[in-house]
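Bear in mind that the values in this text are calculations on the coordinates, not laboratory data. As the structure is a computational prediction, the values presented were derived from the model and not from experiment. Cβ atoms come from the backbone with ideal geometry, glycine included; neighbour counts cover every protein chain shown.
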Number of protein chains: 2
Amino acid sequence: MDRIPVTYFPVATQQQLRVNHERIAGKPYAHYWDPTLWLRAEVLPAIEQPMESEQALRFDDINALLDSGYQAVENGYCEMPDGSAYVASLVPFPGCTGEMYRWWFWWHAKESERYTLWYPHNHIGVRCLSPERLVQPGLSHEERYVGTTHHVDEYIGPDRMKLAIHFLDPAELGLDTARFEAAGIVGHACARVSLRSEPIDAATMVHLARRTADGIEQRSRYWIGHAPKLRVLGARIPVDALGTALGIKRRMAGARVGYEQLLHDQIEFSHLSTFLADIHREFGG
Amino acid sequence: MDRIPVTYFPVATQQQLRVNHERIAGKPYAHYWDPTLWLRAEVLPAIEQPMESEQALRFDDINALLDSGYQAVENGYCEMPDGSAYVASLVPFPGCTGEMYRWWFWWHAKESERYTLWYPHNHIGVRCLSPERLVQPGLSHEERYVGTTHHVDEYIGPDRMKLAIHFLDPAELGLDTARFEAAGIVGHACARVSLRSEPIDAATMVHLARRTADGIEQRSRYWIGHAPKLRVLGARIPVDALGTALGIKRRMAGARVGYEQLLHDQIEFSHLSTFLADIHREFGG
C-alpha cells in the first residue's frame, strides 16, 4: 500500500497542531501522537475530480452497502443536482478488528486529547453529552456511544466547525441490521450530524466496518444537506445555510463541502488505522 | 529526487482544469499539457509549518541573494510582525539553461493556452500589455518582458486573482546586477505585483535563475503587503486590503497568503521544470 504524504495544511490547522501537541504532553497515551498524515495512492484520482452524481448511492438504497463486494464508486465526492453533497470513502484497517473499532468510538470521547490523536492538525475538542455512559460498568462498546451525542470542534478543510454528532442505531437510518452478520459487518458508527450554530441537521453519516482477509475496512457514506425536513423549504436551503455557517457562501458550495469531507475522512481514518491496534492493546483492556 | 503527488485541489481549480484542457486542444504545443502535479519530498517540511520570521530575508538585504551558497531558509513562509508575508522558494531545473528560462518568460505570455501549460489547474489567462514586443525582431528575451506588464488571472489556493505583474530590471529593486555573472545568475524575472481590483502594489517578486552543476535552479522571494507607500497608512493596511480582495478577511491573513503563494510557486515551477527543455527545443528556435 503506497502512502502519499499529505501536501496541504490550512494555516490555522498548522497552529492548532502546535496547541494540540502541547496539550497532550503528560497524557499516558501521548506516545501515540503522530503528525505524519498520508493518503493511499489509489485514492488520489478521487480527490482530483468529482465523481458523476449519477453514481451516488441514493439514501433510500442504503442497504446496498450490505451486498457483497464493492459499489462502482467507493471513493468519491460530488454535488447533487439539488445542491446537496455526497461522499463515499473506503479506508482499510489491516490488522484491526471490530472490537477495536467499536471501542475507539467511545474511548476517544472521554478526553479532547484522545480525540486529537485521531487528526492532530484538525481535531480540537470533543464532549460526550452522556459522560456517565463512558464509565458505567457492564455496557457494550456500542451502548457507550449509540444514542449519545458528541459535541466536537474540528477543522474541516480551512473551516472551524462546531458539530453535534448524534449516534444512532443503524436501523434508524433504514439499515437492515439482521443482515449485518452475513455481510461481515463487525462495527458501525452512524449519525445525524448538525451544526451547533444552526438549527438544522447538516448531514447523515454512515460508517460500517466490514471484515476483510487481513483485518477490517471502513466504508463511509455522507449525505450532506439532504435532510428531508429542510427539503420542503426548497432544495437550496440546506446547503446555503450550511455554506453560511462555513463562511463560504460561494459557487459550488455542495461540491466544496463534499470535497473537504472526503479528504477529512480519508486522512483521519487512514491515520487511525496506523495506531488503532496498538492503542487498543495498551488501553482497551 | 523524490516526487510527491499533490494531494489537494480546490474544487474550483478542478473545474478550471477541464476548461483549460478543452481550450488547449489543437494548439501545436498541446502535447505538453500534463495535469500531474508534484512537490519535491524535501520541500514538505516547509509546507507543514511556518518558518521563523526572524529568518526572513529583509528586502533591504536583497543582494545577499548574490552570495555563493544558500540562505538559512530557501523554502518557507511566514507572517511578519507587521502583518505582511514573506516567502522563500527554491526549485531546481536540471537539464535547463538560462536561455530556456529567459525565453519562457515572454513566450508563455503570447497566448493564454501557453500559460495554462504552466499550472493546468490554476492558470486561467494572460495578456501582455505590450504585445508588439512579443513579435518584434531583434529583441533579446529580457527585452520582450522587462518593462512590460502582464495581466494574469489565476487561482492562488482557492482564490481567483486578477493580477498585474510589472516586470522590472532587477536593478530597480536594488539588486547589484554587476555581480550577476560572478554569482552565476543566468536569468531573472523580477516584478511588482498588484491586484487589478485594488489601487495597491500587493507584492514584490524576485525570481533569480542560477547555474548549477546539472542545469539551473530558481530562487524566489516574495514580500507581500510590504509596499512602502502603503506602510504610512499603518502597517496592517496592505494585508487587510489584500485580504479583502482575496475574500478571506480572517485571522492570520498574512500567513495564509504566504502559505498559498509558497505552494503555488513550488507547484508551478516544479511542473515547468519537467517540460521546459523539451518545449524550448521544439518552439524556442
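Some notes on this structure:
- Solvent-free Debye calculation, one equal scatterer per alpha-carbon of segment A:72-205: log10 I(q)/I(0) at 0.09, 0.11, 0.20 Å⁻¹ equals -0.30, -0.45, -1.54.
- Helix-derived mean residue ellipticity, 222 nm - over the protein assembly as shown, DSSP H n ≥ 4, -39500 (n - 2.57), to 500: -9000 deg cm²/dmol
- Of the chymotrypsin sites (Phe, Trp or Tyr not before Pro) in segment B:22-114, those whose Cβ has at most 13 other Cβ within 10 Å and which sit in DSSP loop: B:Y70
- Max-minus-min Cα coordinates of the protein assembly as shown on each principal axis give 84, 53, 45 Å, with the largest extent listed first.
- Cβ-Cβ FRET estimate between A:A30 and A:K162, R0 fixed at 30 Å, reported to 0.05: 0.70
- The number of Lys pairs in the protein assembly as shown with C-alpha atoms less than 26 Å apart, excluding pairs fewer than 8 positions apart on the same chain, is 15.
- Under the criterion of Cα pairs below 8 Å and six or more residues apart, the relative contact order for chain A equals 24 percent.
- Where a label projected 7 Å from the Cα of A:E99 along Cα→Cβ would reach, residues of segment A:251-285 with amide N under 19 Å: A:273-285
- Ordering A:116-126, A:181-191 by mean Cβ neighbour count within 10 Å, with the highest value first, yields A:116-126, A:181-191.
- Three principal axis extents describe the C-alpha atoms of chain B; from largest down they are 49, 45, 41 Å.
- Inter-probe distance in nm under a simple model that places probes 7 Å from Cα toward Cβ, at B:A213 and B:H151: 4.7
- Cut-off of 10 Å, at most 14 other beta carbons, DSSP loop: longest stretch of chain A lacking such trypsin sites (Lys or Arg not before Pro): A:59-195
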